[in-house]
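Each remark here refers to the structure printed beneath this line.
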Amino acid sequence: MGKIILTGDRPTGRLHVGHYVGSLRNRVLLQNSGKFDKLFFMIADAQALTDNFDHPEKVRENILQVALDYMSCGIDPAKSHMFIQSVVSELTELTFYYMNLVTLARLERNPTVKAEIQLRGFNHSIPMGFLTYPVSQTADITAFMADTVPVGEDQLPMLEQAREIVRRFNELYGETLVEPTALLPDNAACLRLPGTDGKAKMSKSLGNCIYLADEPEDIRTKVMGMFTDPNHLQVSDPGQTEGNPVFMYLDAFCSDEYFAKYLPDYANLDELKAHYRRGGLGDVKVKKFLNNVLQETLEPIRARRKELEKDPGYVMDVLRQGTEVAQAAAAETLAKVKHAMKIDYFA
Ligand code: TRP
């Protein structure tokens, strides 16, 4: 079978630096490692509709944006298949069969779903489609026989759900599906990058994101306005680095080479942190350094994006070709599933 990756994103907005360190950067490394036989990156429009069914235009517009973000970060159509979820209707069919293997109570216990229900104010009128999206996510993963799913920490309950469904399926119908494993970034700071305002999550509605497509001036303004340790009032005050968004971003983005280049008074991040904790190091200096690090990281991504933006037809072609490959792979799995379930009448 070989090693297969599947992961994806909801097309509800442009991707930001949280997506980058949380998953995108890792995906490109995995793609280029040569350790995987197939890689599928899915634009999860059908899943995005489960909480945006009343804004289909928003989902549609963001398909191209997410594809641009993928490719500008280095996802390469020669090595990976990028595709659109809703076009692969086999995924919906698999979802229907998997729904028999999950109880309502189990879905309601999913912590990510719980949190999202609260966030979206669904309360007691949860659309069924929304509640069952973990099942559809299981279909996404298993359709490609993916064994590795690079995701952020918030997706772990989805993976647990998928593993349960796979085990149940294999138990009932015979060994057919592959049990997937989540792959988290190994740098803990990358698991959950806070918003620039210090809030736990970057979100478009909170206006606390740095987008991959941001212009240099926007990045600078956002970094210089970042929340830091609120008790670090004077330069001479000792400051907290833990839970301080500026240092959390440095943890996620910075390497020693940046010090040699932009802040040679310090050898590495530990030294910078130690000075901040002692007192005598101002926020502006640290922010300027972070700005330099982010500018250098995002500059090539933005440049590639600008090139690709000139030819949206090419990007859509990449998606169409990726979707064809994905569709063929999912059809193969669906045939196996139907065979296992004894519903392959005319085979
Ligand atoms: N739920 C994921 C997100 O919110 C997107 C997604 C859909 C996904 N299907 C998936 C991720 C399958 C991994 C595997 O970003």
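The values are calculated or read from the model by the stated rules, or taken from the named source; none is laboratory data. What you see is a predicted model; the values in this text were computed from it and never measured. Counting neighbours? That spans all protein chains shown, and the Cβs are built from the backbone with ideal geometry, glycine included. Surface areas here come from the heavy atoms of the whole protein model, side chains and all, with no ligands, DNA or RNA. Shrake-Rupley method; radii C 1.70, N 1.55, O 1.52, S 1.80 Å.
The table below gives the values:
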{"item": "Residue match in region 126-135 (condition: β-branched (Val, Ile, Thr), within 16 Å of the ligand (Cβ to nearest atom) and in contact with a Pro (Cβ under 9 Å, 6 or more places away or on another chain))", "result": "no"}
{"item": "Qualifying positions in region 179-222 - under 15 Å from the mean Cα position of the chain (by Cα) and part of a strand (DSSP E or B)", "result": "ALA182, LEU183, TYR211"}
{"item": "Of the criteria (1) in contact (Cβ under 8 Å) with a residue 60 or more places away in the chain; (2) in contact with a Phe, Trp or Tyr (Cβ under 9 Å, 6 or more places away or on another chain); (3) farther than 25 Å from MET248 by Cα, which one GLY2 fails", "result": "(1)"}
{"item": "Candidate set: region 134-162, residues that are of a type in the set (D, E, K, R) and buried (at least 17 other Cβ atoms within 10 Å of the Cβ); chosen: the one farthest from the chain's Cα centre (by Cα)", "result": "ASP147"}
{"item": "Failed item in (1) more than 12 Å from the ligand (Cβ to nearest atom); (2) open to solvent by less than 10 Å² (accessible area, probe 1.4 Å); (3) not in a helix (DSSP H, G or I), with PHE122 passing the rest", "result": "(2)"}
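Here is a yes/no grid of residues against (1) more than 20 Å from ALA139 (Cβ to Cβ); (2) more than 13 Å from the ligand (Cβ to nearest atom); (3) of a type in the set (A, V, I, L, M, F, W, C); (4) in contact (Cβ under 8 Å) with a residue 40 or more places away in the chain:
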residue: HIS19; (1), (2), (3), (4): yes, no, no, yes
residue: GLY22; (1), (2), (3), (4): yes, no, no, yes
residue: MET42; (1), (2), (3), (4): no, no, yes, yes
residue: LYS58; (1), (2), (3), (4): yes, yes, no, yes
residue: GLN65; (1), (2), (3), (4): yes, yes, no, yes
residue: THR95; (1), (2), (3), (4): no, no, no, yes
residue: ASN100; (1), (2), (3), (4): no, yes, no, no
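The rows are residues; the columns are (1) modelled with pLDDT under 95; (2) more than 30 Å from the chain's Cα centre (by Cα); (3) part of a helix (DSSP H, G or I).
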| position | (1), (2), (3) |
| --- | --- |
| THR241 | no, no, no |
| TYR266 | no, yes, no |
| LYS288 | no, no, yes |
| VAL293 | no, no, yes |
| ARG302 | no, no, yes |
| ARG305 | no, no, yes |
| THR323 | no, no, yes |
| ALA328 | no, no, yes |
